[in-house]
Every structure is written in structure tokens, then in C-alpha cells.
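Novice: My structure is below; once you've seen it, I'll send some questions.
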Amino acid sequence: MSTTHVFRLELDTDAQTVELLGTFGSPHWSPILMTKTGSAYEASVDVQEGTVYAYKFRVDGEWVLDSKAATAVDADGIVNSVFEAKKVDEKLESSDVSGDGAGSADEERAEASGNVLAHDANEAGSAEDKSAPVAESAAK
């Protein structure tokens, strides 16, 4: 079943261009321009429930990992962020970026609409201690 997933990247500074790239595009790794909303950038992507996706953000030409997501190393040794598209009623741990247990605005929108998954990230992407295998992982 297909659903919409909202990717969100928090940045401390303004960027000229923020893009989302991953294995969900057609063709894979096609840039999706993210829209600025306050101090964050967002992009909505149609995904298939139960599918594992590899992705990264590109901020002004620089690759950025999602610090709230697991990572996987592909066959070429490239580290990518990964997530599995969950059913709408399953919460993603990375939806709460405040750390206080309160749901994010994206999570509240998901609950209200019934068909949107939210995924938040902050600016500091790190591949350390988050490596995980992924079935499909390609990167630029």
C-alpha cells in the first residue's frame, strides 16, 4: 500500500538549495526540492509500506545524513540514511525532534490526516554507531 512520507530537515542557517535524494524517486536518486517551513525544510514523497529506502539530503551541494535515522553502507562503501516505510498507525521514533516525548507537528498532521508519515532530521548527520543492512542502497 502506498502512503505519503514527510521528510523534514532542521537547519540552523539558511540554505540556497535543499534537496532530498533516495531510492524512492524514479529514477532513483532524482533530486526532490525541499520547501522551507520556518527553520526547517520539508518534502513529501509517496512510498510503499514495508519497503526499505536509502536516502540523503543535499544542502547547497553538500551531502547530509539524517541524524535521526539508521544508516547503511552500500556496495561502493557509501553511507546512506535508511528507513522502512511503516504502516500509518506505526510511529517512527525520529518523529519527535524535541526530545521531550511530545509529538512533532508532522506527527500530529499524520494522526489527523490518517495517511501521512513524518520523518524529522536535524542538521548534524552522522554515520557513527547507526550502521544497518539494507536491501536496496545506492547513492551518489
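No lab work stands behind these numbers, since they all come straight from the coordinates. In this text, all values refer to a predicted model and were calculated from it rather than measured experimentally.
Novice: Could you pull out every residue, at least 5 positions away or on a different chain, whose amide H is within less than 5 Å of the one on Lys86? Hs are placed 1.01 Å off N in the peptide plane, and Pro or chain starts have none.
Specialist: Gly50
Novice: Taking θ = phi - 60°, what integer Hz values does the Karplus form 6.51 cos²θ - 1.76 cosθ + 1.60 yield along region 42-48, in sequence order, with x for Gly and Pro?
Specialist: Running phi through 6.51 cos²θ - 1.76 cosθ + 1.60 with θ = phi - 60° gives 10, 8, 9, 9, 6, 10, 9 Hz.
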